[in-house]
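Inspection log for the structure reproduced underneath, given as structure tokens.
The values are calculated or read from the model by the stated rules, or taken from the named source; none is laboratory data. All values derive from a computational prediction rather than experimental measurement. Note: ideal-geometry Cβ built from the backbone for every residue, glycine included; neighbour counts use all protein chains shown.
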Amino acid sequence: MNSERPRTVITGMGMVTPLGLTVQESWEAMLAGRSGIGPITLFDASALPTRIAGEVKGFDPGRYMSPKEARRIARCSQLTIAATQEALADAGLTTPVPDAERVGTVMGVGMGGLDYALASGRKFWESGLRSVSPFSLPASLPNMPSYHVSYLAGATGPITTVVAACASGAQAIGDAMELIRHGRADMVIAGGVEALVVDVPVAGFIAMRALSERNDEPERASRPFDAGRDGFVYSEGAGVVVVESLERARARGARIHAEVIGYATSSDAFHITQPDPEGKGAQRTMRWALADAGLEPSGIDYINAHGTSTTLNDVIETAAIKQVFGEHAYRVPISSTKSMIGHTIGGAGAVESIATVRIMQEGMIHPTINLEQPDPQCDLDYVPGQARKADVRVALKNAFGFGGQNACLVLRRWDG
């Protein structure tokens with residue numbers, strides 16, 4: 001690791017998931033091994049073979065914005081605003097943020113406000129032009145979560161949107177670090193979101209045969225690395241972090257949660273949905289992230305897996321970890337946050353990075369639930385069933401997405 005480049009730390013965290021409306025609520029549920037998966041209520045799924053999802057429960061947009069604003073924006077932007085408010089408060093920041101031109105925004109999404117676009121399309125086809133809101137197009141754009149973060153914080157520095165499927169949230173945090181490393185910003189508000197538990201996206205994943213059909217046991221449907229897994233569980237959620245240079249954090253007396261010390265991305269260049277069968281892209285990304293952090297594989301104390309609960313991903317991710325970590329692969333604990341919250345697509349890498357920071361802070365690894373009969377090809381230590389006490393100083397976060405887009409982060413506990 002180049003000691004001359006700015007060190008980058010996380011000073012604020014906000015999260016909305018199927019397990020809770022705050023970081024603490026979600027974390028406590030994760031530590032207890034609770035599932036946030038249940039029957040779909042956001043639309044009528046009764047005719048579908050998959051009728052379960054990870055919905056954010058009890059979310060009232062009116063707690064975070066006016067009813068008028070809520071009607072004009074997509075659900076992904078609503079969840080983003082809620083998580084951003086928590087992250088800014090956690091970081092001890094007032095709005096507009098000080099020195100706003102040095103504060104950037106990077107948000108990751110999968111499909112953005114597609115729900116708003118679909119609803120507007122239905123209104124147009126059923127009732128004609130007069131029924132369509134002038135906010136239909138802007139609310140549907142993938143960059144709207146980034147806009148809302150920037151507007152809420154008054155951040156006028158660099159802004160971008162990462163659209164890298166399931167790798168989006170992790171890549172957004174990594175790209176935020178790079179903005180700071182290259183001197184283009186001193187602070188970046190970054191994260192990821194997805195909120196598309198609606199009929200067409202769910203139907204699309206069903207057509208791909210990607211989703212679990214364990215409708216009678218929703219809490220047991222997401223089962224990464226288990227021999228009985230039958231697909232992932234589609235979910236919604238948002239995770240937002242405040243990332244800043246160590247110099248700025250210290251200057252303003254900020255509380256520091258963790259340090260981001262390594263980051264890499266790579267492409268499989270293989271298939272639009274299936275991972276490279278040898279996990280070569282995953283291997284490259286993990287190796288490059290470790291190299292960026294200046295670490296050998298033995299320097300990692302915990303891996304937060306991509307761990308989707310699909311037949312292909314779990315075997316290939318396991319094989320890739322073995323290739324990169326060698327014998328250490330059998331010693332390092334691994335767990336999948338998705339076992340409890342399902343797959344939040346664009347939000348996954350950010351939400352799960354926050355969970356990883358909490359693991360390092362608390363010295364407790366949340367479990368991989370529903371791992372009852374391990375797949376023989378998945379023979380590593382996935383912390384099954386119950387949380388485990390562990391001294392986690394450095395962690396690796398994996399995020400692998402459709403289109404063969406991979407992103408990995410290396411996070412280090414802040415010990416002061």
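So, in the range 359-416, how many residues would count as being of a type in the set (K, R) and touching a Leu at 6+ places or on another chain (Cβ under 6 Å)?
So the first thing to find is which residues in the range 359-416 are of a type in the set (K, R), and the list is 388-389, 393, 397, 412-413.
The next check asks that each one be touching a Leu at 6+ places or on another chain (Cβ under 6 Å); those that pass are 397.
Total satisfying the criteria: 1.
Residue-by-condition table, conditions (1) assigned by TED's automatic domain parsing to the domain that holds C166; (2) more than 18 Å from H366 (Cα to Cα); (3) in contact with a helix residue (DSSP H, G or I) (Cβ under 9 Å, 6 or more places away or on another chain):
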{"residue": "E296", "(1), (2), (3)": "no, yes, yes"}
{"residue": "I300", "(1), (2), (3)": "no, no, yes"}
{"residue": "I303", "(1), (2), (3)": "no, no, yes"}
{"residue": "H306", "(1), (2), (3)": "no, no, yes"}
{"residue": "L312", "(1), (2), (3)": "no, yes, no"}
{"residue": "F325", "(1), (2), (3)": "no, yes, yes"}
{"residue": "V332", "(1), (2), (3)": "no, no, yes"}
{"residue": "K338", "(1), (2), (3)": "no, no, yes"}
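Within the range 171-184, does at least one residue satisfy the condition of being within 17 Å of the chain's Cα centre (by Cα) and either more than 28 Å from D292 (Cα to Cα) or surrounded by fewer than 20 Cβ atoms within 10 Å (Cβ to Cβ) (or both)? Checked the range 171-184: no residue is within 17 Å of the chain's Cα centre (by Cα) and either more than 28 Å from D292 (Cα to Cα) or surrounded by fewer than 20 Cβ atoms within 10 Å (Cβ to Cβ) (or both). Taking each residue of the range 101-122 that is in contact (Cβ under 8 Å) with a residue 24 or more places away in the chain and looking for partners that are of a type in the set (D, E) and outside any helix (DSSP H, G or I) with beta-carbon atoms closer than 6 Å, six or more apart or interchain, yields R102/D186; G110/E194. Only one entry of T285, T368, T337, T311 meets the criterion of being among the hydroxyl-bearing types (S, T, Y) and farther than 20 Å from C408 by Cα, and that entry is T311.
Looking only at residues in the range 9-39 that are surrounded by fewer than 24 Cβ atoms within 10 Å (Cβ to Cβ) and hydroxyl-bearing (S, T, Y), the one that is nearest to the chain's Cα centre (by Cα) is T22.
Which of the residues belonging to the range 54-101 are of a type outside the set (A, V, I, L, M), surrounded by 18 or more Cβ atoms within 10 Å (Cβ to Cβ) and over 20 Å from the mean Cα position of the chain (by Cα)?
Residues satisfying the conditions are P61, Y64.
Can you pull out the residues in the range 233-255 that are assigned to a loop (DSSP other than H, G, I, E, B) and surrounded by fewer than 16 Cβ atoms within 10 Å (Cβ to Cβ)?
The first filter runs over the range 233-255 and keeps only residues assigned to a loop (DSSP other than H, G, I, E, B), leaving 233, 236, 252-255.
Passing the criteria: R252, G253, R255.
Any idea which of D230, D216 is without any contact (Cβ under 8 Å) to a residue 12 or more places away in the chain, surrounded by fewer than 24 Cβ atoms within 10 Å (Cβ to Cβ) and charged (D, E, K, R)?
On the way: D230 fails: without any contact (Cβ under 8 Å) to a residue 12 or more places away in the chain.
Just one listed residue meets the conditions, D216.
Among the residues making up the range 362-416, those that are modelled with pLDDT of 95 or more, more than 24 Å from G231 (Cα to Cα) and charged (D, E, K, R) are E362, R388, K389, D391, R393, R412, R413.
Restricting the search to the range 97-134, which residues are within 17 Å of I159 (Cα to Cα) and either β-branched (V, I, T) or touching a Pro at 6+ places or on another chain (Cβ under 7 Å) (or both)? V97, V103, G104, T105, V106, M107, V109, G112 - these are the residues of the range 97-134 that are within 17 Å of I159 (Cα to Cα) and either β-branched (V, I, T) or touching a Pro at 6+ places or on another chain (Cβ under 7 Å) (or both).
In the range 173-206, what residues are in a loop (DSSP other than H, G, I, E, B) and in contact with a Phe, Trp or Tyr (Cβ under 9 Å, 6 or more places away or on another chain)?
We begin by selecting, within the range 173-206, every residue in a loop (DSSP other than H, G, I, E, B); these are 182-186, 195-198.
Within the range 173-206, L196, V197, V198 meet the criteria.
Could you list, in sequence order, all residues of the range 283-323 that are part of a helix (DSSP H, G or I), in contact with a Cys (Cβ under 8 Å, 6 or more places away or on another chain), surrounded by 19 or more Cβ atoms within 10 Å (Cβ to Cβ) and of a type outside the set (S, T, N, Q)? Within the range 283-323, M286, A289, D314 qualify. Restricting I189, I272 to residues that are touching a residue at least 60 places away in the same chain (Cβ under 8 Å), surrounded by fewer than 21 Cβ atoms within 10 Å (Cβ to Cβ) and touching a helix residue (DSSP H, G or I) at 6+ places or on another chain (Cβ under 9 Å) narrows the list to I272. I'm told G253 meets every condition in (1) modelled with pLDDT of 95 or more; (2) outside the structural domain of L93 (by TED's automatic domain parsing) except one. Can you identify the failing condition by its number? Looking at each condition in turn, G253 falls short on (2). Scan the range 324-351 for residues that are assigned to a helix (DSSP H, G or I) and in contact (Cβ under 8 Å) with a residue 60 or more places away in the chain and the total you get is 11.
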